[in-house]
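Novice: Submitted below is the structure of interest, expressed as structure tokens.
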Amino acid sequence: MSTAWRSRLVLLTLIGGIGLLLHAAYLPAKAWLAQHLLEQAWQRRLAGQPAQPPWPGADMRPLARLHQPRLAVTQVVLDGASGRVLAFGPGHVTGSALPGEHGNIVISGHRDTHFHWLRELQDGDLLTLESGDGTVRRYAVNRAAVHQETEIGLLDPLADDQLRLFTCYPFDGLYPGTPLRYVVTALPLAM
Amino acid sequence: MLRAESRAWLGLLGRALWGGLSVSLLLAALVMLVGPAEAAGEQAGLRIYATDGAGLGNAPSLDTRIAIGVSGVIARVRVEQRFYNPHKDWVEGVYVFPLPQNAAVDRLRMRYGGRLIEGEIQERQQARQNYERARDAGQGAGLLEQQRANVFTTAVANIPPGEAVAIEIEFQHDLAWQDGGFSLRLPLVVAPRYIPGAPMPGALHGFSAHGWAGDTDQVPDASQITPPVAVSADDSLNPVTITVDLNAGLDLAEVVSASHRIDVVRQSHGHYRIGLARGKVPAERDFVLSWRPLLGQQPSAALFTEVWEGRHYGLLMLMPPQATALPQRVGRELVLVVDTSGSMHGDSIEQARAALLRALQQLGPGDRFNVIQFNTDVHALFDRARPADQVHLQQAKRYVTGLRADGGTEMLPAMRLALRDPSPSGLLRQVVFLTDGAVGNEQALFEAVAQEIGASRLFTVGIGSAPNALFMTRAAQAGRGTFTYIDSGAQVQGTIDRLFRQLSAPVLTDLRLHWRRGEGDAAVQQAPVQVADLYAGEPLIVAVAADGAPTQVDVAGRFGTVDWQQSVTLSGGAALGGIHALWARRMIDDWLARHASGEDGEVVRQSVLQLALEHRLVSRYTSLVAIEHTPVRPADAPLKSGALPVRLPAGWSASAVFGRLPGTATPAPLFLMLGLACLALAWVLRRRWI
């Protein structure tokens, strides 16, 4: 191989590599920045200001705020759990019970950004969920299990009163298309 | 010159980058080293995700015997599951299995060590606690839980080595009348509609403390439970025998099974015995049995009654008049609503376009139609429904072909616009709603549907990998229509055609029942409270409960623009056990549907719980549990858990999925790895080059 070709090849792989690394860095950066803006939107909403998109052109809306004191996690939960929504924050799975209701509330988030902390949760950990009207419900982590993605029964809004958080599994998986979900179940605490 | 310049530039870039690259590689090495260590730590408490058959080692084997007794339009079914433990250890067996959607499961018995133990109905959590306590104490125990309306699990604890424990489940089930005959459909493998052969570990979630140390001491060998699918199983796995004692009460023209080869023996007038020609069959497809009365002997109505704990219960089946006696085709107004939000991007919008084009082809002269799309905004093709003539259809085809998916999901205004009925033209108004169901505020949607449905009917069509089937089913219920799911491009045509055949048949609507007792009104509890529309050939089936038996019922409804009514004198009828269970099961379904139209969840829960406990029914909130009181397993003998493998339904592949949980991983780690690999490659090339 001639030196010229080789130098072009080196340049190409370099640019490709840097591009991929930038993209890899962009996804968590977007996730982090979005949460920051969403937190501000949430505060405005609690202060009773008229609903506005968290940033111009945003097509999602904040639905609740999730808090875990031991790991110091506070996140704004969005409405819906499509890929588009999950890029910006954990999403409430449509069809499950709504935050604030007594029912089976399901929230999903990306395993490598927002919901990476699920792996740190321990039995008995406190989770609080604040809904749009300011009411706060408290839950204690009760168990975790790995499920198949096909188990849509997990979303049944009439199942027992509980909070389910789920994310893709395994946590350190390389490929995005895993069929497994890590599901943390938390049971409601008395007020 | 150019080359020298580019080399100098490359050198500069290189010097700037190699530093960063070294750090990156170091980081990558760290990730590689740390990653597996962490993963191993995690696995210590959580060894349950194997779908490769791990945990199979401890599973008992299962033999199922089903005995069906049919009286008229009601079947009493006994399912005996015999769990045999071939191992040297004591084991616990768990089996996931389907039952018909409207089965009223009211009995569990356990045959344990020569004793027959009757199950008790208990609140779900209490039943589970009692089961687990008995299991851990070494007592024989059986538990029957409902996971979905038609998916159940049995768990059997402390099966002694080399012995068998049998669980008997009984349920009541009313039969379907279709195309001039009765049919009985008994699913033998977990229905593809929910889980196409994929394992169901979630059904067992309460079963083991998957995860943390604090829980594992309560649950021996907790993390081994994963009901696997035996993808290539021979016929000896989960064999089933079926016998049917068919007392039709009418002379039959034929008794056939579309699913299995059967032997039919006529016992006497209208009484048949049916068995499987092969004896045992693998549990891999639904068992379907149909029978047809002799011509001229078709029933026009059936009544079954029971007095149970002082109350009168009745089940009434009434055949609507034959479709041939009615106008064949009712003109209709069809409103097609399509979701063009960003989440529909890709295959979903392609499928929606194909479905819409197919739907447009089904329109005939005399029909009117409109097309509405919604994303961030709502846009209608016409300001109001137009006749389905060449000009308008051409316009609609161009409009549909041009649909693009982008933006938000403002479903509520679209629903309102579609349900608004500007032309009181007397046409049958059908709204077909195509979406992936990634909707915003579903409660507001239910309310809008319930309030504004008027004379319209709402049919939801699910597209793409739709996790929100629950929502769409309930929206359709509130809109008195049906939910149809399209799960792959190839199916679009067949599925849409089937839906439109249903839509174009004459429909018996606005059904109202008036129960009388003597001269006055009878106070009855009717289930369902609101009778759904009846499509071609469907009979009306209602159950009632009353303190005093009603003597007459007046039924009124409309076929298109024609009024229809009929009075039925409720004298005679066949007394039959278990009618109360069928009534209670329908009441429960009614309550669950009412939750969809806005009833408070807690009220629904309490009502369902009360009904289920009173009538001893297994439900979402109640389970049957049977416990042998003497401990049999020695305290020092461990208990192994084994989930029984389920078969893939015949002809199904694991990839044909009804619905999925949302995907929750970004490709960032993959990009990171690929990026690092590229840089490493560049590093290697550069060294050779210099």
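Novice: Can you tell me which residue in region B:106-128 is nearest to the chain's Cα centre (by Cα), limited to those that are surrounded by 19 or more Cβ atoms within 10 Å (Cβ to Cβ) and not in a strand (DSSP E or B)?
Specialist: Applying the filter and picking the extreme gives B:R124.
Novice: Using the structure shown, decide if A:H116 is within 11 Å of another protein chain (Cβ to nearest Cβ), open to solvent by 20 Å² or more (accessible area, probe 1.4 Å) and farther than 24 Å from A:F171 by Cα.
Specialist: The answer is no for A:H116.
Novice: Shifting gears a bit: Read through the list (1) at pLDDT below 80; (2) open to solvent by 50 Å² or more (accessible area, probe 1.4 Å), then give the number of the only condition that B:S488 fails.
Specialist: (2)
Novice: Residues being closer than 25 Å to A:R45 by Cβ, at pLDDT 85 or above and buried (at least 19 other Cβ atoms within 10 Å of the Cβ): count how many of those fall in region A:124-163.
Specialist: 6
Novice: Just to be sure before I move on: is A:G48 outside any strand (DSSP E or B), surrounded by fewer than 24 Cβ atoms within 10 Å (Cβ to Cβ), without any contact (Cβ under 8 Å) to a residue 24 or more places away in the chain and at the interface with chain B (Cβ under 9 Å from one of its Cβ atoms) in the structure I sent?
Specialist: Values: outside any strand (DSSP E or B): yes; surrounded by fewer than 24 Cβ atoms within 10 Å (Cβ to Cβ): yes; without any contact (Cβ under 8 Å) to a residue 24 or more places away in the chain: yes; at the interface with chain B (Cβ under 9 Å from one of its Cβ atoms): no.
No: the conditions fail for A:G48.
Novice: Can I ask one more? Looking at (1) open to solvent by 40 Å² or more (accessible area, probe 1.4 Å); (2) assigned to a helix (DSSP H, G or I); (3) at pLDDT 80 or above; (4) not aromatic (F, W, Y), which one does B:V307 not meet, given that it meets all the others?
Specialist: For B:V307, the failing item is (2).
Novice: Quick one: how many residues across region B:67-96 are open to solvent by less than 40 Å² (accessible area, probe 1.4 Å) and either under 30 Å from B:W291 (Cα atoms) or in a strand (DSSP E or B) (or both)?
Specialist: Of the residues in region B:67-96, 20 are open to solvent by less than 40 Å² (accessible area, probe 1.4 Å) and either under 30 Å from B:W291 (Cα atoms) or in a strand (DSSP E or B) (or both).
Novice: Quick check on region A:88-100. Is at least one of its residues within 12 Å of another protein chain (Cβ to nearest Cβ), under 12 Å from the mean Cα position of the chain (by Cα) and part of a helix (DSSP H, G or I)?
Specialist: Scanning region A:88-100 turns up no residue that is within 12 Å of another protein chain (Cβ to nearest Cβ), under 12 Å from the mean Cα position of the chain (by Cα) and part of a helix (DSSP H, G or I).
Novice: Tally time: how many residues in region B:598-621 are in a loop (DSSP other than H, G, I, E, B) and under 21 Å from B:G577 (Cα atoms)?
Specialist: Number of matching residues: 5.
Novice: Continuing with this model, one more query. Can you name every residue in region B:263-287 that is of a type in the set (V, I, T) and either open to solvent by 40 Å² or more (accessible area, probe 1.4 Å) or over 22 Å from B:T64 (Cβ atoms) (or both)? Spell out how you get there, then give the answer.
Specialist: We begin by selecting, within region B:263-287, every residue of a type in the set (V, I, T); these are B:264-265, B:274, B:281.
Answer for region B:263-287, where residues must be of a type in the set (V, I, T) and either open to solvent by 40 Å² or more (accessible area, probe 1.4 Å) or over 22 Å from B:T64 (Cβ atoms) (or both): B:V264, B:V265.
Novice: Just one of A:P62, A:P54, A:P69, A:P28 is within 10 Å of chain B (Cβ to nearest Cβ) and open to solvent by less than 70 Å² (accessible area, probe 1.4 Å); which is it? I'd like the intermediate steps shown before the answer.
Specialist: Working: A:P62 fails: within 10 Å of chain B (Cβ to nearest Cβ); A:P54 fails: within 10 Å of chain B (Cβ to nearest Cβ); A:P69 fails: within 10 Å of chain B (Cβ to nearest Cβ).
Answer to the check: A:P28.
Novice: Specify which of the listed residues (B:N370, B:N375) is more than 24 Å from B:R512 (Cα to Cα), modelled with pLDDT of 90 or more and buried (at least 16 other Cβ atoms within 10 Å of the Cβ).
Specialist: Going through B:N370, B:N375 in turn, the sole match is B:N370.
Novice: Test each condition in (1) farther than 22 Å from B:Q125 by Cα; (2) open to solvent by 20 Å² or more (accessible area, probe 1.4 Å) for B:R605 and report the one that comes out false.
Specialist: (1)
Novice: Only residues that are crowded, with 20+ Cβ neighbours inside 10 Å and touching a residue at least 24 places away in the same chain (Cβ under 8 Å): list them for region B:608-625, please.
Specialist: Step one: filter region B:608-625 for residues crowded, with 20+ Cβ neighbours inside 10 Å, giving B:608, B:611-612, B:615, B:617-625.
Of everything in region B:608-625, those that are crowded, with 20+ Cβ neighbours inside 10 Å and touching a residue at least 24 places away in the same chain (Cβ under 8 Å) turn out to be B:L611, B:A612, B:H615, B:L617, B:V618, B:S619, B:R620, B:Y621, B:T622, B:S623, B:L624, B:V625.
Novice: Can I ask one more? Go through B:R193, B:R135 for me and flag whichever is among the basic types (K, R) and at pLDDT below 75.
Specialist: Numbers: B:R135 fails: at pLDDT below 75.
Answer to the check: B:R193.
Novice: Next question, about the same structure. Can you run down the residue pairs with Cβ atoms below 8 Å, 6 or more apart or on separate chains, where the first is in region B:84-112 and closer than 30 Å to B:L175 by Cα and the partner is basic (K, R) and open to solvent by 10 Å² or more (accessible area, probe 1.4 Å)?
Specialist: Listed pairs, sorted by first residue: B:P100/B:R185; B:N102/B:R585; B:N102/B:R586; B:A103/B:R585; B:A104/B:R585; B:D106/B:R616; B:R107/B:R616.
Novice: Specify which of the listed residues (A:L14, A:L33, A:L9, A:L63) is free of Cβ contacts under 8 Å to residues at least 40 places away in the same chain and more than 30 Å from B:V684 (Cα to Cα).
Specialist: A:L33
Novice: Answer yes if at least one residue in region B:317-330 is of a type in the set (A, V, I, L, M, F, W, C), at pLDDT 90 or above and open to solvent by less than 10 Å² (accessible area, probe 1.4 Å), and no otherwise. Spell out the reasoning first.
Specialist: Residues of region B:317-330 that are of a type in the set (A, V, I, L, M, F, W, C), as a first pass: B:317-319, B:323, B:325-326, B:330.
Next, from what is left, pick out any that are at pLDDT 90 or above: none.
No, there is no match, as no residue in region B:317-330 is of a type in the set (A, V, I, L, M, F, W, C), at pLDDT 90 or above and open to solvent by less than 10 Å² (accessible area, probe 1.4 Å).
The values are calculated or read from the model by the stated rules, or taken from the named source; none is laboratory data. Predicted model only: the values in this text are computed from it and were never measured. Note that we place each Cβ from the backbone using ideal geometry, even for glycine, and neighbour counts take in every protein chain shown. SASA here: full protein model, heavy atoms, side chains in, ligands and nucleic acids out. Shrake-Rupley method; radii C 1.70, N 1.55, O 1.52, S 1.80 Å.
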